[in-house]
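Trainee: Before I ask anything, here is the structure I am working with.
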Amino acid sequence: MAEPTGPFYLLRAGTGQFLCYWGSDGTVYVTDAMEVWAGEFGGCPALAGRCPPEEHGAMLRAGLGRGAAALSLGRGSATLQLPEEPRCPALALTQLPAAEACSQLQALVFGMAGCIESLERRLEVAVETLASSCSPEKNTARSQQLFLPDPSPRKSRASDLALPAKRKVPGESLINPGFKSKKAPSGVNFEDS
């Protein structure tokens, strides 16, 4: 039984969902949480000379990360391939016997639980570090400053910085300030209509 190592990738094949991951021994595992298929890069005769196992593994991980890997299920076997990468052929996976699959699923569940526990601890430490870096008084003052208006009657800083209002100049356009008409304003002549 190989301990699972991340990252974990979700795959879809037909109407089912599958989880793909690597074991600590380099074996690739695919499971639907009931059955488990496993395969090794070095044990694939189709790979001989065409694609070194390390390169094929790296390409498969990259393809899984992009969502470009395809899983095909057969009777007692499966294949994992990158349709966009013809240089590296499909990886053959064999279905594990029920007892071995059960043991592998158990290792997967507890391995993932360990990852979650570790992430939760790291998150708690990060939150505590952030909380201790700011005093509660500063946090309260800062949140009030960001979300609540200043209730004091004194002038706000924004009004102190405001520019004085510009005077209206006769003949200047209201729509286009700064533009001054060349003709003197004459008003409306109602007699010609």
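Trainee: Give me Cys134, Cys20, Cys115 sorted ascending by neighbouring Cβ count inside 10 Å, so fewest comes first.
Mentor: So the residues, fewest neighbours to most, are Cys134, Cys115, Cys20.
Trainee: Order by neighbour count: Thr27, Thr94, Thr15, Thr129, fewest other Cβ atoms within 10 Å first, most last.
Mentor: Thr15, Thr129, Thr94, Thr27
Trainee: Can you sort Tyr29, Tyr21 so the residue with the fewest Cβ neighbours within 10 Å comes first?
Mentor: By the 10 Å Cβ count, ascending, the order reads Tyr21, Tyr29.
All of the numbers you see were taken from the coordinates with simple rules; none came from a lab. Small disclaimer: the values here were computed from a predicted structure and weren't measured. Every residue, glycine as well, gets a Cβ built from its backbone with ideal geometry; the counts of neighbours run over all protein chains shown.
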